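Trainee: For reference, the structure I am asking about is given below.
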Amino acid sequence: MECTFSYKRIMLKISGEALKGERCHGYEPEALREVVARISQVRDKGVEVAVVVGAGNLWRGNMGVGMDHVRADYMGMLATAMNAIAIGEFLTQAGVPAEVYSAVNMAPAVKLFDREKAMNDLSAGKVVIFAGGTGSPFFTTDTAAVLKALETNCDIVLKATKVDGVYSADPFKDPTAVRYERISFDEALQKNLRVMDAAAFSLCRDNGLHIGVLNFSDPEALEKLLMNDTGYGTIVS
């Protein structure tokens, strides 16, 4: 079906917590199916979807307290690969073609990232999932998502969160917080809004890559935001 959305190729950054559902850690099958349903909803309508997933359901930085920072970050990269494989498997079971690539060599479990192959997969309608972060320690999966979005010519990077956009303050703590429908990079900096980590945000700003922030638990949010429905999420451009 021909794409009717404002963005043809998207990078979706998903938190690892989205895979654990109501569990304290690990995976909940229904949560994985919901992630697949959100992705399939727009992919089936012609949007090319790339995904970067975090590791929070398996490994977080604070778990590595007392460890060497570099080794702790490498453990996080391994955890992202497990999550990417899980998403890829559930997509395949749902009849959605998917490929998983890693920034670090994890063969034969995961293919090493190849830009041309990944872009060909996206053009062919496959969901492409990137694991292993940036391949280097000290960088977040936000930065990994932006780097891979730029490398594969994505039109926007979408940060899937628990809130429906960027607010003037924490909406869970401040009932007067106002949600922005659209905001510029410069205004977000001036207002000190924490859209993404500083490295990821700077890469988007310097390269003109739009950022979208949405509530991923809302089954309509991803599709609506891509249709420029200002009631769902925030676009930073």
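Trainee: Which loop trypsin sites (Lys or Arg not before Pro) in region 147-205, with loop taken from DSSP, have no more than 15 other Cβ atoms within 10 angstrom of their Cβ?
Mentor: LYS162, LYS173, LYS191, ARG194
Trainee: Share of Cα-Cα pairs in region 58-102 beyond 14 Å, in percent?
Mentor: Of the Cα pairs, 54 percent sit more than 14 Å apart.
Trainee: How many percent of the accessible area of the chain is carbon or sulfur, using a 1.4 Å probe?
Mentor: Here it works out to 51 percent.
Trainee: Something else: May I ask you to compute the full-extension gain from ASN120 to ARG194, defined as 0.36 nm times their residue separation minus their alpha-carbon distance, rounded to one decimal in nm?
Mentor: Gain on extension, ASN120 to ARG194, equals 23.3 nm.
Trainee: What residues have an amide H closer than 5 Å to that of VAL53, excluding those fewer than 5 places away on the same chain, when H is modeled at 1.01 Å from N in the peptide plane?
Mentor: Those lying under 5 Å, H to H, from VAL53 are ILE14, PHE130.
Trainee: From the phi angles alone, apply the Karplus equation (6.51, -1.76, 1.60; θ = phi - 60°) to region 72-82 and give each ³J(HN,Hα) in whole Hz, x where the residue is Gly or Pro.
Mentor: Residue by residue, region 72-82 yields 4, 5, 5, 5, x, 4, 4, 5, 5, 5, 4 Hz.
Trainee: ³J(HN,Hα) across region 139-155 via Karplus (A = 6.51, B = -1.76, C = 1.60, θ = phi - 60°), whole Hz, x for Gly/Pro?
Mentor: Along region 139-155, the couplings run 10, 7, 6, 4, 5, 4, 4, 5, 4, 5, 4, 5, 5, 9, 6, 6, 8 Hz.
Trainee: Further question on the same structure: For the chain, with the dipole built from +1 on Lys and Arg beta-carbon atoms and -1 on Asp and Glu ones, taken about the Cα centre, which of PRO29, LEU112, MET196 lies farthest toward the positive end?
Mentor: Of PRO29, LEU112, MET196, it is LEU112.
Trainee: Ignoring the sites themselves, what is the longest stretch of the chain with no chymotrypsin sites (Phe, Trp or Tyr not before Pro) in a DSSP loop and at most 13 other beta-carbon atoms within 10 Å?
Mentor: The segment 1-137 is the longest one with no such site.
Trainee: What ranking of LEU91, LEU150 comes out by heavy-atom accessible area, probe 1.4 Å, highest first?
Mentor: LEU150, LEU91
Trainee: Taking the dipole about the Cα centre of the chain, with the C-beta of Lys and Arg at +1 and of Asp and Glu at -1, give me whichever of PHE5, PRO175, ALA79 is farthest to the positive side.
Mentor: It is ALA79.
Trainee: Taking the chain as a Gaussian network, Cα atoms linked when under 10 Å apart, which of GLN190, GLN41, GLN93 shows the biggest mean-square fluctuation?
Mentor: Judging by the Gaussian network model, the answer is GLN190.
Trainee: Here is a further query. Only bridges whose two residues both fall in region 1-130 count here: according to DSSP, what percent of them are antiparallel, nearest 5?
Mentor: 5
Trainee: Please calculate the 1.4 Å probe accessible area of HIS69, with all protein chains present, and give it to the nearest 10 Å².
Mentor: Counting only protein heavy atoms, the figure is 90 Å².
Trainee: Something else: Any chance you could look up the accessible area of MET63 with a 1.4 Å probe, heavy atoms only, rounded to 10 Å²?
Mentor: Accessible area, nearest 10 Å²: 100 Å².
Trainee: Additional query: Tell me the accessible surface of SER217 in square angstrom (1.4 angstrom probe, heavy atoms of protein chains only), to the nearest ten.
Mentor: Rounded to the nearest 10, that gives 80 Å².
Trainee: How much of the DSSP beta bridge set in the chain is antiparallel, as a percent to the nearest 5?
Mentor: Bridges in the chain that DSSP calls antiparallel: roughly 20 percent.
Trainee: Roughly how many Å² is the accessible area per residue of region 160-204, as a whole number, for a 1.4 Å probe?
Mentor: 62
Trainee: Taking Rh as the Kirkwood radius computed over C-alpha pairs, what is the Stokes-Einstein D of the chain at 20 °C in a medium of viscosity 1.002 mPa s, expressed in µm² per second?
Mentor: The diffusion coefficient I find is 120 µm²/s.
Trainee: Then there is this: Just to check, using Stokes-Einstein with a Kirkwood Rh over alpha carbon pairs, what's the diffusion coefficient of region 88-163 at 20 °C and 1.002 mPa s in µm²/s?
Mentor: 162
Trainee: If you don't mind, there's one more thing I want to ask. Taking θ = phi - 60°, what integer Hz values does the Karplus form 6.51 cos²θ - 1.76 cosθ + 1.60 yield along region 212-223, in sequence order, with x for Gly and Pro?
Mentor: Couplings: x, 10, 8, 8, 6, 6, 7, x, 9, 4, 4, 4 Hz.
The values are calculated or read from the model by the stated rules, or taken from the named source; none is laboratory data. These numbers were taken from a predicted model, which means no experiment stands behind them. Counting neighbours? That spans all protein chains shown, and the Cβs are built from the backbone with ideal geometry, glycine included. Each accessible area value is taken on the protein alone, full model and side chains, heavy atoms only, with ligands, DNA and RNA left out. Shrake-Rupley method; radii C 1.70, N 1.55, O 1.52, S 1.80 Å.
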